[in-house]
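Data first, discussion second: the structure below is written as C-alpha cells.
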Amino acid sequence: MNLTNLIFSSADVFKVISVDNNADQINIYVQSRQKICLCPNCCEPSTKLHSYYTRKFNDLPTFGKACRIFLKSRKYYCLTDECPLKIFTERYKDHFEPCKRTTKRLEEKLFDTVLELGGKPAERICNHFSIPVSDTTLLRLINKAPIPDSGDFTAIGVDDWAYKKRERYGSILVDLTTRRIVDLLPDREEASLVNWLQKQPKLEIITRDRYGKYRRAATKGVPQAIQVADRWHLLKNLGEALTKMMTREYARLSSSLAPRIEESPLEMPDELPVREKESATTGIIKQRFDEMKKLQAEGLSIKRIAVQLGMHRETVRK
Ligand SMILES: [Zn+2]
C-alpha cells in the first residue's frame with residue numbers, strides 16, 4: 001500500500017519521504033508536490049521559488065504513540081508588481097492551515113472532545129491517548145469557533161448558569177435539535193432574553209424552568225412558540241411532591257410494610273397547620289426510634305434492623 005495514500009487524502013499534493021518509529025513518538029517526513037501557488041493577497045499564481053522551510057504539526061496518534069509531521073514547505077515570490085506581499089508561504093487545501101501547529105483532522109477531534117468533556121477532563125483523556133495538549137489550548141478552540149448561524153433554531157432550551165454560585169448568574173441557550181449550546185447571555189434579565197428571542201422568527205418551542213422572567217421573556221419575545229417545562233424541572237417538581245407525600249404518609253406505609261410491628265401507626269390528616277405537621281414529624285421520628293430500640297432489645301444486628309426498617313446502617317448505628 002502506498003504510504004502517502006494511507007496518511008493523506010490529497011496524495012497529489014503531498015509525498016511521504018520517510019517515517020521514524022521512535023520509542024514514544026512517530027515522526028513522518030512529508031514534502032509538498034505543488035509546483036505552483038496562489039498569492040494569498042492578490043490571488044495571482046506564482047512559480048518563482050524563494051526558499052524551503054520545515055513546518056511541524058501534531059497529528060492524530062498512531063498505534064498509541066504521539067504522531068508528528070515534519071512538512072517541507074516552500075516560500076514563493078509574488079509576481080504581481082502592485083502586490084504589497086512580496087514573499088508568501090505555500091498554502092494547502094487540506095490537512096495543514098497557515099499559522100497552525102496541529103493538523104486539521106486532529107484539531108477537529110480536539111474540538112469535539114473539549115465540547116463533550118470540558119477543559120481539564122479533555123486534557124486528561126487526550127494525554128491518555130498520547131496527544132500532548134493543555135486545557136487552555138483546548139478551551140481556546142471553543143473561543144475561536146464561529147458562532148452558529150442564528151435564525152434557524154426551531155426548538156430552544158433556556159436556563160441559568162453561574163459565573164459564581166449564589167452571586168452572579170447568566171443565561172444559557174441550547175439548541176434542542178443538535179443538543180449544542182448556541183449562546184450565553186451575560187445575565188438572566190427579561191430584556192436580554194427578549195432581545196435574543198426576537199431574532200428567532202422560526203422558533204416553535206422553548207423549554208424553560210418556572211423562573212418568572214424567563215416566562216415573561218418567552219411570552220414577549222416569541223409569542224408564537226409553545227412554552228414547555230423542561231424534563232429536569234418536571235422531575236424535580238415530581239421529586240419534591242413525592243417527598244412531601246412520603247413524609248405525610250410514612251407511618252401508614254411503614255405499618256403496611258412491617259406488619260410484625262404491632263404499634264399503631266400515627267394517623268395524619270391530609271392538611272395540618274405547620275406547627276401540627278412539625279409535631280407529627282417529631283412523632284414519626286420517635287416512633288422509628290422506638291421501633292429500632294425494640295428490635296435491638298430482641299437481639300437483632302444493626303444490619304438486620306436497617307433492612308427491616310428500610311434505613312441506612314449508619315443511621316441505625318447512630
Ligand atoms: Zn500577491
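The values are calculated or read from the model by the stated rules, or taken from the named source; none is laboratory data. Since the structure is predicted, the reported quantities are computational estimates derived from the model, not experimental observations. When we count neighbours, we look across all protein chains shown, and the Cβ atoms used for this are built from the backbone with ideal geometry, even at glycine. Side chains included, ligands, DNA and RNA excluded: accessible areas come from the protein's heavy atoms. Shrake-Rupley method; radii C 1.70, N 1.55, O 1.52, S 1.80 Å.
Dipole size in debye (nearest 20) for the range 155-229 around its Cα centre, Lys and Arg Cβ +1, Asp and Glu Cβ -1? Walk me through the numbers on the way to the answer.
Details: 15 positive and 10 negative charges, 29 e Å.
With only Lys, Arg, Asp and Glu charged at Cβ, the dipole is about 140 debye.
So how do 201-213, 293-305 stack up, highest first, on mean other-Cβ count within 10 Å?
Numbers: 201-213: 16.3, 293-305: 13.4.
Per-residue mean Cβ counts within 10 Å order the peptides as 201-213, 293-305.
Which angle from 0 to 90°, rounded to the nearest 10, does the C-alpha axis of helix 274-297 make with the longest principal axis of the chain?
With rounding to tens, the tilt is 80 degrees.
Using the scaling law 2.2 N^0.38 Å as the reference, what is the normalised Cα Rg of the range 61-118?
Values: Rg = 16.4 Å, N = 58, 2.2 N^0.38 = 10.3 Å.
Relative to the 2.2 N^0.38 Å estimate, the range 61-118 comes out at 1.59.
Which one of 306, 96, 186 is farthest out on the positive end of the charge dipole of the chain, using unit charges on Cβ (Lys, Arg +1; Asp, Glu -1) and the Cα centre as origin?
96
Please compute the length gained on full extension between residue 104 and residue 54, using 0.36 nm multiplied by the number of residues separating them and subtracting their Cα-Cα distance.
16.3 nm
Rounded to the nearest angstrom and ordered from largest down, what semi-axes does the equivalent ellipsoid of the range 3-95 get from its C-alpha gyration tensor (root of 5λ)?
That gives 30, 12, 10 Å for the three semi-axes.
Towards the positive end of the charge dipole of the chain, with charges on Cβ (+1 Lys, Arg; -1 Asp, Glu), say which of 173, 60, 110 has the farthest Cα.
Ranked along the dipole, the leading option is 60.
What net charge is computed for the residues neighbouring residue 124, neighbours being all others with C-beta under 15 Å from the C-beta of residue 124, Lys and Arg scored +1, Asp and Glu -1?
Net local charge, residue 124 excluded: -2.
Could you tell me what percent of the DSSP beta bridges with both partners in the chain are antiparallel, to the nearest 5? Provide the component values of the computation, followed by the final result.
On the way: 36 of 51 bridges.
That works out to approximately 70 percent antiparallel.
Write out the chymotrypsin sites (Phe, Trp or Tyr not before Pro) in the range 40-137 meeting two conditions: DSSP loop, and at most 14 other Cβ atoms within 10 Å of their Cβ.
Qualifying residues, ordered by number: 63, 129.
At what distance in angstrom do the alpha carbon centres of the range 122-197 and the range 11-87 lie from each other?
A separation of 35 Å, based on Cα centres.
What percent does the relative contact order of the chain come to when contacts are Cα pairs within less than 8 Å and at least six residues apart?
Relative CO of the chain lands at 8 percent.
Summing Lys, Arg as +1 and Asp, Glu as -1, what charge do residues with Cβ under 12 Å from the Cβ of residue 303 carry, residue 303 excluded?
Net charge in that neighbourhood comes out at +2.
So for the chain, taking the charge dipole from beta-carbon charges (+1 Lys/Arg, -1 Asp/Glu), which of 201, 315, 30 sits furthest toward the positive end?
Farthest towards the positive pole: 30.
Rounded to the nearest 0.05, what FRET efficiency is calculated for residue 27 and residue 112 with R0 set to 41 Å and r the Cβ-Cβ distance? Intermediate results must be reported in sequence, preceding the final value.
Values: r = 26 Å, r/R0 = 0.63.
That gives a FRET efficiency of 0.95.
Which order do 59, 159 take when ranked by solvent-accessible area (1.4 Å probe, heavy atoms of all protein chains), largest first? Walk me through the numbers on the way to the answer.
On the way: 59 10, 159 45 Å².
Descending order: 159, 59.
Give me the dipole magnitude in Debye, nearest 20, for the range 102-145 about the Cα centre, with unit charges on the beta carbon: positive for Lys and Arg, negative for Asp and Glu.
Dipole magnitude for the range 102-145 comes out near 100 debye.
Please calculate the 1.4 Å probe accessible area of residue 248, with all protein chains present, and give it to the nearest 10 Å².
80
By per-residue mean of other Cβ atoms within 10 Å, what is the highest-first order of 139-146, 24-31?
24-31, 139-146
From the gyration tensor of the Cα coordinates in the chain, what semi-axes in whole Å does the equivalent ellipsoid have, largest first, with each one equal to sqrt(5λ)?
So the three semi-axes of the chain are 65, 31, 14 Å.
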